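A.B. asks: Structure provided below as C-alpha coordinates; questions to follow.
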Amino acid sequence: MSMNSSGHLFAFTTFGESHGEAVGVVVDGCPPGIPISEEEIQFDLDRRRPGQSSVTTPRKEADQIKIYSGLMDGKTTGTPIMMMVFNGDHRSRDYSKIKDQYRPMHADYTYDMRFGIRDYRGGGRSSARETLARVAAGAIAKKALKQIGNIQVIGHTLSVGTIRAETFDASVIEENPVRCADAEAAKKMEEFILQMKKEQDSCGGVVQVVAKNVPAGLGSPTYWKLKAELASGLMGINAVQGVEYGSGFRGATMKGSEHNDEFITDDNGDVRTKTNNHGGILGGISTGEDIIVNTAFKPVSSLPRAQNSINTSLEAVSVQTFGRHEKCVVPRAVPICEAMVAVILLDHWLISQAYQQHVSLVREPLLASKGIQPVTPFP
(Lines give C-alpha, C1' and ligand atoms only; values in the text may rest on other atoms or scores of the structure.)
Protein backbone atom coordinates (compact mmCIF):
# COMPACT_ATOMS: atom_id res chain seq x y z
CA MET A 1 0.00 0.00 0.00
CA SER A 2 1.14 3.56 -0.73
CA MET A 3 2.69 5.55 2.11
CA ASN A 4 -0.03 8.16 1.53
CA SER A 5 -2.79 5.66 2.30
CA SER A 6 -4.24 4.15 5.47
CA GLY A 7 -6.66 1.34 6.29
CA HIS A 8 -7.54 -2.21 5.21
CA LEU A 9 -11.20 -2.40 4.15
CA PHE A 10 -12.17 1.19 4.97
CA ALA A 11 -9.17 2.93 3.42
CA PHE A 12 -8.28 6.46 2.41
CA THR A 13 -5.53 8.19 0.45
CA THR A 14 -4.67 11.86 0.99
CA PHE A 15 -3.05 14.26 -1.46
CA GLY A 16 -1.87 17.86 -1.67
CA GLU A 17 0.55 20.19 0.11
CA SER A 18 0.29 23.11 2.50
CA HIS A 19 1.10 25.72 -0.14
CA GLY A 20 -0.12 23.81 -3.19
CA GLU A 21 -3.41 24.35 -5.02
CA ALA A 22 -5.48 22.00 -2.89
CA VAL A 23 -5.61 19.23 -0.27
CA GLY A 24 -7.92 16.28 -0.63
CA VAL A 25 -8.74 12.65 0.07
CA VAL A 26 -10.14 9.58 -1.68
CA VAL A 27 -12.08 7.29 0.67
CA ASP A 28 -12.52 3.70 -0.52
CA GLY A 29 -14.50 0.89 1.08
CA CYS A 30 -17.21 2.97 2.72
CA PRO A 31 -20.41 0.93 3.16
CA PRO A 32 -23.25 2.01 0.86
CA GLY A 33 -26.37 3.71 2.16
CA ILE A 34 -24.72 5.98 4.74
CA PRO A 35 -26.45 9.39 4.67
CA ILE A 36 -23.80 12.12 4.60
CA SER A 37 -23.63 15.71 3.40
CA GLU A 38 -20.96 18.32 2.77
CA GLU A 39 -22.42 20.27 5.70
CA GLU A 40 -21.80 17.39 8.13
CA ILE A 41 -18.20 17.03 6.96
CA GLN A 42 -17.77 20.81 7.08
CA PHE A 43 -18.75 20.82 10.76
CA ASP A 44 -15.66 18.81 11.69
CA LEU A 45 -13.44 20.72 9.24
CA ASP A 46 -14.50 23.98 10.89
CA ARG A 47 -13.36 22.56 14.23
CA ARG A 48 -9.92 21.91 12.68
CA ARG A 49 -9.53 24.93 10.42
CA PRO A 50 -7.03 27.73 11.16
CA GLY A 51 -8.01 31.21 12.30
CA GLN A 52 -10.97 30.10 14.42
CA SER A 53 -9.95 31.70 17.74
CA SER A 54 -7.30 33.70 19.61
CA VAL A 55 -5.37 30.51 20.50
CA THR A 56 -4.96 29.23 16.92
CA THR A 57 -2.90 30.36 13.93
CA PRO A 58 -4.23 33.56 12.31
CA ARG A 59 -3.97 31.97 8.84
CA LYS A 60 -7.43 32.34 7.30
CA GLU A 61 -8.71 29.37 5.34
CA ALA A 62 -12.38 28.68 4.64
CA ASP A 63 -11.54 24.98 4.17
CA GLN A 64 -14.74 24.60 2.16
CA ILE A 65 -15.16 20.92 1.34
CA LYS A 66 -16.49 19.68 -1.97
CA ILE A 67 -17.55 16.06 -2.62
CA TYR A 68 -16.88 15.00 -6.21
CA SER A 69 -17.88 11.33 -6.23
CA GLY A 70 -19.30 8.40 -4.27
CA LEU A 71 -22.65 9.96 -3.29
CA MET A 72 -26.11 9.79 -4.82
CA ASP A 73 -29.26 11.31 -3.35
CA GLY A 74 -27.32 12.18 -0.20
CA LYS A 75 -26.13 8.63 0.53
CA THR A 76 -22.88 6.78 -0.04
CA THR A 77 -22.93 4.38 -2.99
CA GLY A 78 -20.09 2.09 -1.85
CA THR A 79 -17.78 3.51 -4.54
CA PRO A 80 -14.73 5.77 -3.91
CA ILE A 81 -15.57 9.13 -2.35
CA MET A 82 -13.33 11.96 -3.54
CA MET A 83 -13.29 15.19 -1.53
CA MET A 84 -11.14 18.29 -1.90
CA VAL A 85 -10.46 21.71 -0.38
CA PHE A 86 -8.73 24.49 -2.31
CA ASN A 87 -6.00 26.41 -0.47
CA GLY A 88 -6.37 30.17 -0.32
CA ASP A 89 -4.42 32.10 2.28
CA HIS A 90 -0.94 30.66 1.82
CA ARG A 91 2.08 33.01 1.89
CA SER A 92 5.09 31.16 0.51
CA ARG A 93 7.22 34.31 0.81
CA ASP A 94 7.17 33.89 4.60
CA TYR A 95 9.44 30.86 4.11
CA SER A 96 11.88 32.24 1.51
CA LYS A 97 14.48 33.24 4.10
CA ILE A 98 14.68 29.73 5.56
CA LYS A 99 14.49 27.61 2.40
CA ASP A 100 18.14 26.54 2.81
CA GLN A 101 18.03 26.23 6.60
CA TYR A 102 17.19 23.27 8.81
CA ARG A 103 14.67 24.42 11.39
CA PRO A 104 15.08 22.78 14.82
CA MET A 105 12.58 19.94 15.45
CA HIS A 106 11.15 20.15 11.92
CA ALA A 107 11.26 17.60 9.11
CA ASP A 108 13.51 19.74 6.84
CA TYR A 109 16.67 17.67 7.32
CA THR A 110 14.96 14.29 7.30
CA TYR A 111 13.02 15.11 4.11
CA ASP A 112 16.28 16.00 2.38
CA MET A 113 17.76 12.70 3.51
CA ARG A 114 14.67 10.71 2.47
CA PHE A 115 13.75 12.34 -0.87
CA GLY A 116 16.74 14.51 -1.85
CA ILE A 117 14.29 17.39 -2.27
CA ARG A 118 11.77 19.13 -0.03
CA ASP A 119 9.00 21.67 -0.24
CA TYR A 120 10.16 24.45 2.09
CA ARG A 121 6.86 26.36 1.67
CA GLY A 122 5.16 25.45 4.92
CA GLY A 123 6.65 21.99 4.94
CA GLY A 124 4.75 20.53 1.98
CA ARG A 125 3.43 17.08 2.88
CA SER A 126 4.96 17.29 6.36
CA SER A 127 2.60 20.18 7.16
CA ALA A 128 -0.39 19.55 9.41
CA ARG A 129 -2.53 20.99 6.61
CA GLU A 130 -2.68 17.41 5.31
CA THR A 131 -4.75 16.47 8.34
CA LEU A 132 -7.85 18.22 6.99
CA ALA A 133 -8.11 15.28 4.58
CA ARG A 134 -8.07 12.86 7.51
CA VAL A 135 -10.79 14.86 9.26
CA ALA A 136 -12.97 14.66 6.14
CA ALA A 137 -12.54 10.88 6.01
CA GLY A 138 -13.15 10.68 9.75
CA ALA A 139 -16.43 12.60 9.48
CA ILE A 140 -17.76 9.90 7.14
CA ALA A 141 -16.48 7.16 9.47
CA LYS A 142 -18.13 8.76 12.48
CA LYS A 143 -21.46 8.96 10.66
CA ALA A 144 -21.17 5.31 9.61
CA LEU A 145 -20.31 4.17 13.15
CA LYS A 146 -23.27 6.09 14.53
CA GLN A 147 -25.63 4.42 12.08
CA ILE A 148 -24.13 0.94 12.45
CA GLY A 149 -24.24 0.70 16.24
CA ASN A 150 -24.59 4.11 17.87
CA ILE A 151 -20.80 4.15 18.33
CA GLN A 152 -19.73 7.62 19.46
CA VAL A 153 -16.22 9.08 19.24
CA ILE A 154 -15.67 12.05 21.59
CA GLY A 155 -12.41 14.01 21.81
CA HIS A 156 -11.36 16.73 24.22
CA THR A 157 -8.27 18.52 25.50
CA LEU A 158 -7.05 16.69 28.60
CA SER A 159 -4.09 18.97 29.32
CA VAL A 160 -2.10 21.96 28.11
CA GLY A 161 1.36 22.32 29.58
CA THR A 162 0.99 21.35 33.24
CA ILE A 163 -2.71 22.33 33.40
CA ARG A 164 -4.94 19.26 33.44
CA ALA A 165 -8.71 18.82 33.29
CA GLU A 166 -10.12 17.49 36.55
CA THR A 167 -13.76 17.06 35.52
CA PHE A 168 -15.56 15.94 32.35
CA ASP A 169 -18.62 17.65 30.92
CA ALA A 170 -19.06 16.89 27.20
CA SER A 171 -21.48 19.81 26.81
CA VAL A 172 -18.73 22.42 27.37
CA ILE A 173 -16.12 21.01 24.95
CA GLU A 174 -17.19 23.18 22.02
CA GLU A 175 -18.05 26.12 24.28
CA ASN A 176 -14.43 27.14 24.89
CA PRO A 177 -11.56 27.75 22.41
CA VAL A 178 -9.29 25.03 23.83
CA ARG A 179 -11.96 22.28 23.64
CA CYS A 180 -11.58 21.22 27.26
CA ALA A 181 -14.36 19.31 29.04
CA ASP A 182 -13.52 21.12 32.30
CA ALA A 183 -14.72 24.74 32.09
CA GLU A 184 -12.45 26.00 34.88
CA ALA A 185 -9.35 24.30 33.51
CA ALA A 186 -10.23 25.64 30.05
CA LYS A 187 -9.84 29.24 31.25
CA LYS A 188 -6.39 28.50 32.65
CA MET A 189 -5.34 26.69 29.48
CA GLU A 190 -6.42 29.61 27.31
CA GLU A 191 -4.52 32.07 29.49
CA PHE A 192 -1.41 29.90 29.34
CA ILE A 193 -1.46 29.65 25.54
CA LEU A 194 -1.89 33.44 25.22
CA GLN A 195 1.04 33.88 27.62
CA MET A 196 3.16 31.67 25.32
CA LYS A 197 2.22 34.04 22.49
CA LYS A 198 3.51 37.03 24.45
CA GLU A 199 6.75 35.21 25.29
CA GLN A 200 7.28 34.15 21.65
CA ASP A 201 7.22 30.55 22.85
CA SER A 202 4.94 27.53 22.56
CA CYS A 203 3.52 24.63 24.55
CA GLY A 204 2.20 21.10 24.11
CA GLY A 205 -0.54 19.04 25.68
CA VAL A 206 -2.66 15.89 25.54
CA VAL A 207 -5.85 15.07 23.60
CA GLN A 208 -8.08 12.32 24.97
CA VAL A 209 -10.51 10.39 22.76
CA VAL A 210 -13.27 8.21 24.23
CA ALA A 211 -15.14 5.78 21.97
CA LYS A 212 -18.46 4.63 23.43
CA ASN A 213 -20.67 1.64 22.55
CA VAL A 214 -17.86 -0.17 20.73
CA PRO A 215 -18.83 -3.85 20.51
CA ALA A 216 -16.60 -6.56 21.93
CA GLY A 217 -14.56 -8.47 19.37
CA LEU A 218 -12.97 -5.79 17.17
CA GLY A 219 -9.26 -6.24 16.46
CA SER A 220 -6.87 -9.19 16.29
CA PRO A 221 -4.49 -10.90 18.72
CA THR A 222 -1.30 -10.39 16.70
CA TYR A 223 -0.39 -7.96 13.92
CA TRP A 224 -3.70 -6.14 13.60
CA LYS A 225 -4.12 -5.53 17.31
CA LEU A 226 -6.66 -2.76 17.81
CA LYS A 227 -4.35 -0.93 20.22
CA ALA A 228 -1.48 -1.10 17.73
CA GLU A 229 -3.65 0.16 14.87
CA LEU A 230 -4.90 3.05 17.01
CA ALA A 231 -1.37 3.90 18.11
CA SER A 232 -0.13 3.80 14.52
CA GLY A 233 -2.91 6.05 13.27
CA LEU A 234 -2.50 8.57 16.06
CA MET A 235 1.30 8.55 15.96
CA GLY A 236 1.04 9.44 12.27
CA ILE A 237 -0.44 12.84 13.16
CA ASN A 238 1.99 15.75 13.05
CA ALA A 239 3.72 16.71 16.34
CA VAL A 240 2.58 13.60 18.24
CA GLN A 241 5.11 12.46 20.85
CA GLY A 242 3.31 9.46 22.32
CA VAL A 243 0.09 7.47 22.67
CA GLU A 244 -1.30 5.59 25.67
CA TYR A 245 -4.57 3.75 26.29
CA GLY A 246 -6.40 2.89 29.48
CA SER A 247 -4.16 3.42 32.49
CA GLY A 248 -1.25 4.04 30.12
CA PHE A 249 2.15 4.69 31.63
CA ARG A 250 0.54 5.18 35.04
CA GLY A 251 -0.26 1.47 34.95
CA ALA A 252 3.45 0.71 35.11
CA THR A 253 3.51 2.15 38.66
CA MET A 254 0.57 0.06 39.91
CA LYS A 255 0.46 -3.38 41.48
CA GLY A 256 -1.21 -6.18 39.55
CA SER A 257 -3.85 -6.47 42.24
CA GLU A 258 -4.66 -2.77 41.76
CA HIS A 259 -4.50 -2.80 37.99
CA ASN A 260 -6.55 -5.89 37.13
CA ASP A 261 -10.10 -5.23 35.94
CA GLU A 262 -12.53 -7.82 37.35
CA PHE A 263 -15.21 -9.24 35.04
CA ILE A 264 -18.88 -9.03 36.06
CA THR A 265 -22.29 -9.27 34.37
CA ASP A 266 -24.62 -6.29 34.56
CA ASP A 267 -28.40 -6.22 35.06
CA ASN A 268 -28.89 -6.98 31.36
CA GLY A 269 -26.62 -10.01 31.50
CA ASP A 270 -23.89 -8.28 29.51
CA VAL A 271 -20.23 -8.93 30.31
CA ARG A 272 -18.59 -5.86 31.83
CA THR A 273 -15.59 -5.00 34.00
CA LYS A 274 -15.71 -3.21 37.36
CA THR A 275 -12.95 -0.83 36.31
CA ASN A 276 -11.41 0.11 32.97
CA ASN A 277 -7.65 0.23 33.38
CA HIS A 278 -7.45 -1.81 30.15
CA GLY A 279 -8.99 1.08 28.21
CA GLY A 280 -11.50 -1.12 26.39
CA ILE A 281 -8.91 -3.40 24.77
CA LEU A 282 -7.51 -6.76 25.93
CA GLY A 283 -5.23 -8.95 23.84
CA GLY A 284 -5.54 -6.46 21.00
CA ILE A 285 -9.34 -6.96 20.87
CA SER A 286 -12.11 -4.67 22.11
CA THR A 287 -13.97 -5.73 25.27
CA GLY A 288 -17.10 -3.57 24.95
CA GLU A 289 -15.96 -1.06 27.56
CA ASP A 290 -15.18 2.52 26.53
CA ILE A 291 -12.00 2.76 24.48
CA ILE A 292 -9.89 5.53 26.02
CA VAL A 293 -6.81 6.81 24.17
CA ASN A 294 -4.53 9.73 25.11
CA THR A 295 -2.31 11.39 22.52
CA ALA A 296 0.56 13.67 23.57
CA PHE A 297 1.59 16.61 21.36
CA LYS A 298 4.95 18.35 21.57
CA PRO A 299 5.32 22.14 21.82
CA VAL A 300 5.10 23.87 18.43
CA SER A 301 8.55 23.90 16.80
CA SER A 302 8.15 27.12 14.75
CA LEU A 303 9.28 30.00 16.95
CA PRO A 304 9.83 33.68 16.08
CA ARG A 305 12.79 33.82 18.48
CA ALA A 306 16.28 33.07 17.16
CA GLN A 307 17.54 29.47 17.41
CA ASN A 308 20.87 27.93 16.43
CA SER A 309 21.02 25.43 13.59
CA ILE A 310 22.80 24.67 10.30
CA ASN A 311 21.96 25.17 6.62
CA THR A 312 22.08 22.82 3.64
CA SER A 313 25.79 23.70 3.23
CA LEU A 314 26.34 22.54 6.82
CA GLU A 315 27.19 26.05 7.98
CA ALA A 316 26.10 27.36 11.39
CA VAL A 317 23.13 29.73 11.12
CA SER A 318 20.63 31.53 13.30
CA VAL A 319 17.07 30.51 12.43
CA GLN A 320 13.97 32.62 12.98
CA THR A 321 10.65 31.28 11.75
CA PHE A 322 8.35 33.97 10.44
CA GLY A 323 4.74 33.44 9.44
CA ARG A 324 1.50 32.63 11.23
CA HIS A 325 2.14 29.68 13.50
CA GLU A 326 0.28 28.06 16.38
CA LYS A 327 1.45 28.44 19.96
CA CYS A 328 -0.32 25.20 20.85
CA VAL A 329 -1.71 22.66 18.35
CA VAL A 330 -3.85 20.79 20.87
CA PRO A 331 -7.23 22.59 20.43
CA ARG A 332 -7.23 21.99 16.65
CA ALA A 333 -5.87 18.46 17.08
CA VAL A 334 -9.02 17.26 18.87
CA PRO A 335 -11.04 16.59 15.67
CA ILE A 336 -7.94 15.08 14.02
CA CYS A 337 -7.55 12.52 16.80
CA GLU A 338 -11.29 11.79 16.69
CA ALA A 339 -11.00 11.19 12.94
CA MET A 340 -8.16 8.69 13.22
CA VAL A 341 -9.91 6.73 15.97
CA ALA A 342 -13.14 6.68 13.94
CA VAL A 343 -11.60 5.45 10.67
CA ILE A 344 -9.73 2.66 12.49
CA LEU A 345 -12.81 1.53 14.41
CA LEU A 346 -14.91 1.45 11.23
CA ASP A 347 -12.15 -0.43 9.42
CA HIS A 348 -12.07 -3.10 12.12
CA TRP A 349 -15.86 -3.28 12.33
CA LEU A 350 -15.90 -4.12 8.61
CA ILE A 351 -13.17 -6.71 9.13
CA SER A 352 -15.19 -8.26 11.96
CA GLN A 353 -18.16 -8.73 9.65
CA ALA A 354 -16.09 -11.07 7.50
CA TYR A 355 -15.64 -13.36 10.53
CA GLN A 356 -19.02 -12.98 12.17
CA GLN A 357 -20.86 -15.87 10.53
CA HIS A 358 -17.98 -18.29 11.10
CA VAL A 359 -17.56 -17.22 14.73
CA SER A 360 -21.30 -17.75 15.33
CA LEU A 361 -21.14 -21.24 13.84
CA VAL A 362 -18.31 -22.12 16.24
CA ARG A 363 -19.55 -20.39 19.42
CA GLU A 364 -23.27 -21.05 19.43
CA PRO A 365 -23.17 -24.88 19.57
CA LEU A 366 -20.57 -24.76 22.35
CA LEU A 367 -22.68 -22.36 24.42
CA ALA A 368 -25.89 -24.27 23.70
CA SER A 369 -24.30 -27.48 25.00
CA LYS A 370 -23.78 -25.67 28.31
CA GLY A 371 -27.25 -24.18 28.36
CA ILE A 372 -25.94 -20.64 27.85
CA GLN A 373 -27.68 -18.08 25.65
CA PRO A 374 -25.07 -16.68 23.22
CA VAL A 375 -24.26 -12.99 23.44
CA THR A 376 -24.22 -11.23 20.06
CA PRO A 377 -21.09 -9.02 20.04
CA PHE A 378 -21.89 -7.18 16.83
CA PRO A 379 -24.88 -5.00 16.02
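A.B. asks: Within the stretch 265-275, how many residues turn out to be surrounded by 11 or more Cβ atoms within 10 Å (Cβ to Cβ) and not in a strand (DSSP E or B)?
C.D. replies: 2
A.B. asks: For the stretch 276-348, which strands (runs of 3 or more DSSP E) that fit wholly inside it have 2 or more residues that are modelled with pLDDT of 95 or more and buried (at least 24 other Cβ atoms within 10 Å of the Cβ)? Give the steps one after another, and end with the answer.
C.D. replies: Values: elements: 291-297, 307-310, 316-319.
The strands (runs of 3 or more DSSP E) meeting that bar are 291-297.
A.B. asks: Another question about this same structure. Just for the stretch 3-37: of the residues that are among the polar types (S, T, N, Q) and either in a loop (DSSP other than H, G, I, E, B) or touching a Pro at 6+ places or on another chain (Cβ under 6 Å) (or both), which one is least open to solvent (accessible area, probe 1.4 Å)?
C.D. replies: Ser18
A.B. asks: Glu262 fails exactly one of the following numbered conditions: (1) surrounded by fewer than 14 Cβ atoms within 10 Å (Cβ to Cβ); (2) at pLDDT below 95. What is the number of that condition?
C.D. replies: Checking Glu262 against (1) surrounded by fewer than 14 Cβ atoms within 10 Å (Cβ to Cβ); (2) at pLDDT below 95, the one that fails is (2).
A.B. asks: Here are Asp28, Asp46: which of them is among the acidic types (Asp, Glu) and under 30 Å from Glu191 (Cβ atoms)?
C.D. replies: Within the list Asp28, Asp46, the selection yields Asp46.
A.B. asks: Tell me which of these Asp100 doesn't satisfy, since it passes every other one: (1) under 30 Å from Ala354 (Cβ atoms); (2) at pLDDT below 95.
C.D. replies: Unmet for Asp100, out of (1) under 30 Å from Ala354 (Cβ atoms); (2) at pLDDT below 95: (1).
A.B. asks: A further question on this structure: Report yes if Ile41 is within 20 Å of Lys146 (Cα to Cα), open to solvent by less than 10 Å² (accessible area, probe 1.4 Å) and without any contact (Cβ under 8 Å) to a residue 60 or more places away in the chain, otherwise no. Working first, answer last.
C.D. replies: Numbers: within 20 Å of Lys146 (Cα to Cα): yes; open to solvent by less than 10 Å² (accessible area, probe 1.4 Å): yes; without any contact (Cβ under 8 Å) to a residue 60 or more places away in the chain: no.
So Ile41 fails the test.
A.B. asks: Moving on. Starting from the stretch 12-32, take each residue that is within 18 Å of Gly236 (Cβ to Cβ) and without any contact (Cβ under 8 Å) to a residue 24 or more places away in the chain and list its partners that are in a loop (DSSP other than H, G, I, E, B) and open to solvent by 50 Å² or more (accessible area, probe 1.4 Å), counting only C-beta distances under 7 angstrom and pairs at least six apart or across chains.
C.D. replies: Thr13/Ser2; Thr13/Asn4
A.B. asks: Another question, then. When the stretch 161-196 is examined, which residues are found to be within 16 Å of Cys337 (Cα to Cα) and of a type in the set (Val, Ile, Thr)?
C.D. replies: Ile173, Val178
A.B. asks: Name every residue in the stretch 165-202 that is crowded, with 22+ Cβ neighbours inside 10 Å and touching a strand residue (DSSP E or B) at 6+ places or on another chain (Cβ under 8 Å), in order of residue number.
C.D. replies: Ala165, Val178, Arg179, Cys180, Ala181, Ala186, Met189, Ile193
A.B. asks: Also: Output the residues belonging to the stretch 106-133 that are farther than 14 Å from Ser18 by Cα and assigned to a helix (DSSP H, G or I).
C.D. replies: If the condition is that a residue be farther than 14 Å from Ser18 by Cα and assigned to a helix (DSSP H, G or I), then Asp108, Tyr109, Thr110, Tyr111, Asp112, Met113, Arg114, Phe115 are the ones that fit.
A.B. asks: I'd like the full set of residues that are in contact with a strand residue (DSSP E or B) (Cβ under 8 Å, 6 or more places away or on another chain) and either outside any strand (DSSP E or B) or surrounded by fewer than 18 Cβ atoms within 10 Å (Cβ to Cβ) (or both), limited to the stretch 238-256.
C.D. replies: Ala239, Gln241, Gly242, Gly246, Gly248
A.B. asks: Can you pull out every residue in the stretch 185-228 that is without any contact (Cβ under 8 Å) to a residue 12 or more places away in the chain and either part of a helix (DSSP H, G or I) or over 26 Å from Thr56 (Cα atoms) (or both)?
C.D. replies: To start, the set of residues in the stretch 185-228 that are without any contact (Cβ under 8 Å) to a residue 12 or more places away in the chain comprises 187, 191, 195, 198-199, 223.
Those that are without any contact (Cβ under 8 Å) to a residue 12 or more places away in the chain and either part of a helix (DSSP H, G or I) or over 26 Å from Thr56 (Cα atoms) (or both): Lys187, Glu191, Gln195, Lys198, Tyr223.
The values are calculated or read from the model by the stated rules, or taken from the named source; none is laboratory data. Just so you know, these numbers come straight off a predicted model, no measurement behind them. Heads up, the Cβs are rebuilt from the backbone with ideal geometry, glycines too, and the neighbour counts pull from every protein chain shown. We work out accessible area using only protein heavy atoms, side chains counted, and drop any ligands, DNA or RNA first. Shrake-Rupley method; radii C 1.70, N 1.55, O 1.52, S 1.80 Å.
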